[in-house]
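Colleague: Below you will find the structure I want to go over with you.
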Amino acid sequence: NAQTNSQAPASHHTNTPRRVLIVGGVAGGASCAARLRRLDETVEILMIDRGPYVSFANCGLPYYVGNVISDERRLLVASREMFHERFNIDVRTDTEVTAIDPNACTITTRDVHTGSVGTEHYDALVLSPGAAPIRPPLPGINLPGVFAVRTIPDSRRIRSWITEHNAKTAVVIGGGFIGLEMVENLIHRELFVAILEKLP
């Protein structure tokens, strides 16, 4: 869920457009950025995501695992370049926000590859970082072959594991939409699948 202060202060820099920083892309952050551009052509928008992709189809991830979608590029909804060319929105991927200073209206960023640190000022800040999958504290939870499905790299790792280990069986924990789509696609790849769901 995106969170923001609807009464954002006017820019403290005279004669410069207001600057909105959006932390997180994909469904929440990218939709917010595009909607904000439609509402205001003058605002400066910077979207920051710690992953390599700013906008992709989450619902397509199981179908990529199942080879129903074989080309990873078909999962990409919009690229950094498209956001810049079509919406005049700057996008910084592979960058994580490590601190927020609400008094100075700044955030601290870190490049996930180089470790280089920077600071960005904002007039309004939108937090849409998404959620982390629940990994219950069970023995073996971090062993090889145990995966979460949330990003394109997650799907890539599962695909590789199935191929490299000639996998025949799978257990899917969680019977929500993504869990059931994973069951469908693992069966499509001729694995025997068991599904576990906590709720009745």
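The values are calculated or read from the model by the stated rules, or taken from the named source; none is laboratory data. Being a predicted model, the structure only gives us computed values, none of them experimental. Heads up, the Cβs are rebuilt from the backbone with ideal geometry, glycines too, and the neighbour counts pull from every protein chain shown. For accessibility, only protein heavy atoms count, side chains too; no ligands or nucleic acids. Shrake-Rupley method; radii C 1.70, N 1.55, O 1.52, S 1.80 Å.
Colleague: Using Cα atoms only, what is the angle between the long axis of helix 152-164 and the major principal axis of the chain, expressed in degrees (0 to 90) to the nearest 10?
Modeller: Helix 152-164 and the main axis of the chain meet at about 20 degrees.
Colleague: Which value results when the Cα radius of gyration for the range 75-163 is divided by 2.2 N^0.38 Å?
Modeller: 1.43
Colleague: So how many Å³ per residue does the convex hull of the Cα atoms of the range 23-93 work out to?
Modeller: Spread over its residues, the Cα hull of the range 23-93 gives 82 Å³ apiece.
Colleague: Let's see if you can work this out: charge +1 on each Lys and Arg Cβ, -1 on each Asp and Glu Cβ, no other charges. What is the dipole magnitude of the chain about its Cα centre, in debye to the nearest 20?
Modeller: Computed about the Cα centre, the dipole is about 320 debye.
Colleague: Based on the Kirkwood radius over alpha-carbon pairs, what is the Stokes-Einstein translational diffusion coefficient of the chain at 10 °C with 1.306 mPa s viscosity, in µm²/s?
Modeller: Estimated via Stokes-Einstein, D reaches 84 µm²/s.
Colleague: Okay, helix-only estimate at 222 nm for the chain: each DSSP H run of n ≥ 4 adds -39500 (n - 2.57), divide by all residues, round to 500 deg cm²/dmol; what do you get?
Modeller: -7500 deg cm²/dmol
Colleague: Where does each of Glu190, Glu197 land when they are ordered by accessible area, with a 1.4 Å probe and the largest first?
Modeller: Glu190, Glu197
Colleague: In whole Hz, with x marking every Gly and Pro, tabulate ³J(HN,Hα) for the range 30-44 from phi via Karplus 6.51 cos²θ - 1.76 cosθ + 1.60, θ = phi - 60°.
Modeller: Couplings: 5, 5, 4, 4, 5, 5, 4, 4, 5, 7, 8, 7, 9, 5, 8 Hz.
Colleague: Rounded to the nearest 5, what % of the DSSP beta bridges within the range 82-200 are antiparallel ones?
Modeller: 70
Colleague: Additional query: As I understand it, the dipole of the range 71-159 uses +1 on the Cβ of Lys and Arg and -1 on the Cβ of Asp and Glu, about the Cα centre. Which of Ala124, Thr151, Asn103 lies farthest toward its positive end?
Modeller: Thr151
Colleague: Check Val172: other-chain or 5+ apart residues with amide H under 5 Å from its amide H, H built from backbone geometry?
Modeller: Those qualifying (amide H under 5 Å, at least 5 residues apart or on another chain) are Ala194, Ile195, Leu196.
Colleague: Let me ask something else about it. Apply the a/c threshold of 1.5 to the C-alpha gyration tensor of the range 125-200 and tell me whether it is rounded, prolate or oblate.
Modeller: In terms of gyration-tensor shape, prolate.
Colleague: Residue by residue through the range 183-200, what is 3J(HN,Hα) from phi via Karplus (6.51 cos²θ - 1.76 cosθ + 1.60, θ = phi - 60°)? Round to whole Hz and write x for glycine and proline.
Modeller: Values, residue by residue: 4, 4, 7, 5, 5, 4, 8, 6, 8, 7, 10, 10, 10, 10, 9, 5, 7, x Hz.
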